[in-house]
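Please read the structure below before turning to the comments.
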Amino acid sequence: MMTTGRIMRDRKMALLLPLMLYDGLSRGFTTADFTGSIITPCLGVNSVGLVMAVYAATNAIFCAAFGKIGDVIGMRVIVFVGVLLHAIFFIFFIVWTEVFGLQSLGEWPMRLVIWPLGSVLGAGDALLYSVFSATMMGTFNGKVAAFSTFKFWTSLGYVVAFVWGSYVSLTLKCALVLACLVVSAHAVLVLDRVVQPITQKGLKGQHPAAAVETDKRALLDKEQESDM
């Protein structure tokens, strides 16, 4: 508990917290709202499995491709594309629901809309999660406390996504998740531009002042571990 509390005060971890929360919110939205409030009323409950299979297959393909293209195009491009894909998904449903109505088209035209958007959601999810995993491993050296922090904030996002299900409209849910995505993207941008650049192996190129701070915290952690 104490180690987890200390690592949450780390500036790099603090800037990653919005992305952790967004990960839980977006996955909770996918599990509850995308399946129950979008796929089921538009295509029928029998189509939920097919659309989610498309989502999962796209997710797997982009996760596999990440290792090959990450060194070529750079982590910054991958972050940008992941944020853009998720933003397109949520903005589309905000506009579509408010302007045209969610069920304004027939079942088959909606298939041509929802299936590709499921792929967009899956691709963006794969890119953002892969970047986050690489950053966590490279920056915090696979520390248990770092991943405990990640699971805590992701689980909190899940809780929020499921609790508000019966009280918040679909449009407002999309807007709130999109707002969290914007905050997360801004925090990652600050992390990359001000604190440390994001690379394939984590956060490298540390600024001198940040390096001194990191060394002090590492020494403090070792002293506290030796006392225990």
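The values are calculated or read from the model by the stated rules, or taken from the named source; none is laboratory data. Not measured: the values here are computed from a predicted model. Positions of Cβ are backbone-derived with ideal geometry, glycine not excepted, and every protein chain shown enters the neighbour counts. These accessible areas exclude ligands, DNA and RNA; they are computed on the full protein's heavy atoms, side chains included. Shrake-Rupley method; radii C 1.70, N 1.55, O 1.52, S 1.80 Å.
Numbers below:
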read-out	value
ALA123 being surrounded by 16 or more Cβ atoms within 10 Å (Cβ to Cβ) and assigned to a helix (DSSP H, G or I)	yes
Tally of residues being of a type in the set (D, E, K, R) and surrounded by fewer than 16 Cβ atoms within 10 Å (Cβ to Cβ) across region 103-120	1
Answer residue from region 135-165, given it is closer than 13 Å to ASP23 by Cβ and polar (S, T, N, Q) and is modelled with the lowest pLDDT among those	THR135
Among (1) out of contact with any strand residue (DSSP E or B) (no Cβ under 7 Å at 6 or more places or on another chain); (2) under 19 Å from LEU181 (Cβ atoms); (3) not polar (S, T, N, Q) - the single one TRP108 does not satisfy	(2)
Verdict on PRO109 being at pLDDT 90 or above, over 15 Å from TYR22 (Cβ atoms), assigned to a helix (DSSP H, G or I) and out of contact with any Phe, Trp or Tyr (no Cβ under 9 Å at 6 or more places or on another chain)	no
Any hit, region 166-175, residues being at pLDDT 55 or above, assigned to a loop (DSSP other than H, G, I, E, B) and under 26 Å from LEU85 (Cα atoms)	yes
Filter pass, ILE61 being surrounded by 14 or more Cβ atoms within 10 Å (Cβ to Cβ), at pLDDT 90 or above, in contact with a Cys (Cβ under 7 Å, 6 or more places away or on another chain) and assigned to a helix (DSSP H, G or I)	no
Residue within region 75-91 that is touching a strand residue (DSSP E or B) at 6+ places or on another chain (Cβ under 7 Å) and modelled with pLDDT under 85 present	yes
Positions within region 68-102 being open to solvent by 30 Å² or more (accessible area, probe 1.4 Å) and either without any contact (Cβ under 8 Å) to a residue 40 or more places away in the chain or among the aromatic types (Phe, Trp, Tyr) (or both), in sequence order	LYS68, ILE69, VAL72, ILE73, VAL77, PHE80, ILE88, PHE92, VAL95, TRP96, VAL99, PHE100
